[in-house]
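Student: One structure follows; several queries about it will come next.
The values are calculated or read from the model by the stated rules, or taken from the named source; none is laboratory data. Given the structure is predicted, the values throughout are model-derived calculations rather than measurements. Counting neighbours? That spans all protein chains shown, and the Cβs are built from the backbone with ideal geometry, glycine included.
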Amino acid sequence: MVFFSTFLISMFITIVLIPPLRRLAIRAHALDVPEPRKIHPTPMPKCGGLAMAVGVLVPTLIWAPLDAFTKAFLVGGGIVVIFGLMDDFKSLTYKPKFVGQIAAALIVILYGGVKIKSFGMLLPYGYVIPDWAAVPWTLLVIVGVTNAINLSDGLDGLAGGICIMSFCCIAYLAYQAGNMVVATLSIAMIGTIIGFLRFNTYPANLFMGDAGSQLLGFSAITLSVYLTQTNAPLSPVLPLVILGFPILDTVTVMSERISKGRSPFKADKNHLHHKLLRLNLFHTEAVVVIYFLQAILVTSAFVLRYHSDWLLMISYVAFSGIVVGAFLVVEKTGWQMGRSFIQGTIKDRLRPLKDNRVFVKTFFTGLQWVYPIILLYSAFLPEDLPGAFGIVGFVAAGLILGAGLAKREWLPVVIRIAIFGCIPFLVYYAEVKKIPEINGPLTLAYRAAYGLLALLSILTLKFSTRKSGFRTSPADFLILFIALVVPNLPDAHIQSLHMGLVAAKTIVLLFAGEVIMGEVRGRLNRMAVLIVLVLAIIGTRGIW
């Protein structure tokens, strides 16, 4: 429950904080203004990083033991966020940015014990790098990767998607190694990224800014280095592979700048995501391609975690050579992806179906019936519910009723808070504490209903004629991919907790709730009544 609570608290805090911080950023003119090298067409608030920082801080203070490493990590991360906010509100040159990054890195190195003392079998067996060499080398690595993640933040959802896969790998490796501090911090990062991606996937309505991207880079490299250097069975080459794509992107673009006689720190449009866009890929397609490449690296890191350091290094170099070589060949030949089949054959034939609202009405009607049936059934499925959860249920129901009677403009926010705060726990208790007699056909029907709910949600979203509100994005496929991977991890304890099913069911319910709230276009009475009824059942069963 510690990991589950850490994930939910970090995600919940991030989602709640982003809307008010977005309004504050607009008033304070903390905006990313369009320019020739940038993709977005309109000024975009840069406030996501602060919400993410708070989202990580709160569960860390609650659950993580405040040892020397945790304290150093929080202080170093705070420095990175502060300098990032200064850059977001008042653009800084690269020199003061480096000052903040170096200060943060030195804190985790000197006080947190994060030092690259071993290269494994890449050096003679048993050789330990002395401090006079380990400290500057670790400093270079932390600062370099922090900037690599920052530079990769060029498309909506890109940096967050890359890092969420990296943190998933770090969290699982830390859990296996018994390093609960790194596991807890990584899960907090996963939760806050998912909360942020709710607002940042294409088309985004805010950016994480330097505060967010530098926090992600600093956290990913610090946690991965600390984990692999303090847990002997894990290869010290793993951080290179886990964070492989942004490192490859940064090395490639800086080498290209230097070869053309330009400063390696002068921004341009030659990152790998820019090159994918020039191949005639759409924004979301470019993001999915990079997700796929990063997924290959993260999977390789997991599979080869106990293998030879030389095998890991050679595999990464070979992967990098294939990617860079493919881009060079494509640029030399001038090849571009043809869109005539997709645009002329598939999309043009689907357009009449979308314009005919009979389809979306049919799918949405089914969605509005299946969603409440699953929620109500789930509320009665656990054998018992904790009293504290019952109190939370009654409080959330009261807040919805109060908003509906006094401040109807608050109703969407309050309903979302109740859904994101209570449904994950309800799904958890319905899965791990369900009534023993309920099994067989009822269980199969219950799980099939989730599949039907997911299908109806996707079809409603695809055939909807809405121009704004919740939409599908690469992040949805990324989160669903994680939900499918978790139950198949080779760990009996994780499988015994049914965390894969809990994750998948939670995502489906949250996804369906967002689709329904978007499709009703502000008419939330029916949704409010349903959620209040479910919360009242939770409250009654928990307290009774």
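Student: Condition test on Leu66, is it over 30 Å from Leu312 (Cα atoms) and without any contact (Cβ under 8 Å) to a residue 60 or more places away in the chain?
Tutor: Working: over 30 Å from Leu312 (Cα atoms): yes; without any contact (Cβ under 8 Å) to a residue 60 or more places away in the chain: yes.
Yes: the conditions hold for Leu66.
Student: Could you please let me know if Ala396 is surrounded by fewer than 14 Cβ atoms within 10 Å (Cβ to Cβ) and not hydroxyl-bearing (Ser, Thr, Tyr)?
Tutor: Values: surrounded by fewer than 14 Cβ atoms within 10 Å (Cβ to Cβ): no; not hydroxyl-bearing (Ser, Thr, Tyr): yes.
It is false that Ala396 is surrounded by fewer than 14 Cβ atoms within 10 Å (Cβ to Cβ) and not hydroxyl-bearing (Ser, Thr, Tyr).
Student: If you don't mind, there's one more thing I want to ask. With the structure loaded, tell me whether Ile296 is surrounded by 12 or more Cβ atoms within 10 Å (Cβ to Cβ) and out of contact with any Leu (no Cβ under 9 Å at 6 or more places or on another chain) or whether it fails that test.
Tutor: Details: surrounded by 12 or more Cβ atoms within 10 Å (Cβ to Cβ): yes; out of contact with any Leu (no Cβ under 9 Å at 6 or more places or on another chain): yes.
Yes: the conditions hold for Ile296.
Student: Within the set of pairs 6 or more residues apart or between chains, which connect a residue that is hydrophobic (A, V, I, L, M, F, W, C) inside the range 249-260 to a residue that is modelled with pLDDT of 85 or more and loosely packed, with under 14 Cβ neighbours inside 10 Å with Cβ atoms less than 9 Å apart?
Tutor: Correct list of pairs: empty, since none qualify.
Student: Moving on. When the range 325-346 is examined, which residues are found to be at pLDDT below 85 and either surrounded by 12 or more Cβ atoms within 10 Å (Cβ to Cβ) or outside any helix (DSSP H, G or I) (or both)?
Tutor: Hits for the range 325-346 are Glu331, Gly334, Trp335, Gln336, Met337, Gly338, Arg339, Ile342.
Student: Considering only the range 126-159, how many residues are surrounded by 16 or more Cβ atoms within 10 Å (Cβ to Cβ) and more than 19 Å from Pro239 (Cβ to Cβ)?
Tutor: The total comes to 6.
To keep it simple, each residue is scored yes or no on (1) buried (at least 24 other Cβ atoms within 10 Å of the Cβ); (2) in the same structural domain as Ile296 (by TED's automatic domain parsing); (3) closer than 30 Å to Tyr127 by Cα.
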| residue | (1), (2), (3) |
| --- | --- |
| Ser186 | yes, yes, yes |
| Ile193 | yes, yes, no |
| Arg198 | no, yes, no |
| Ala220 | yes, yes, yes |
| Ser224 | yes, yes, yes |
| Leu240 | no, yes, yes |
| Ser255 | no, yes, no |
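Student: Return the only residue of Arg466, Arg471, Arg447 being at pLDDT 65 or above, in a loop (DSSP other than H, G, I, E, B) and not β-branched (Val, Ile, Thr). Reasoning before the result, please.
Tutor: Details: Arg471 fails: at pLDDT 65 or above; Arg447 fails: in a loop (DSSP other than H, G, I, E, B).
Every option except Arg466 fails the conditions.
Student: Then there's this: Against the definition (of a type outside the set (Gly, Ala, Ser) and modelled with pLDDT of 90 or more), how does Thr146 come out, yes or no? Reasoning before the result, please.
Tutor: Numbers: of a type outside the set (Gly, Ala, Ser): yes; modelled with pLDDT of 90 or more: yes.
Considered against the rule, which asks whether it is of a type outside the set (Gly, Ala, Ser) and modelled with pLDDT of 90 or more, Thr146 comes out as yes.
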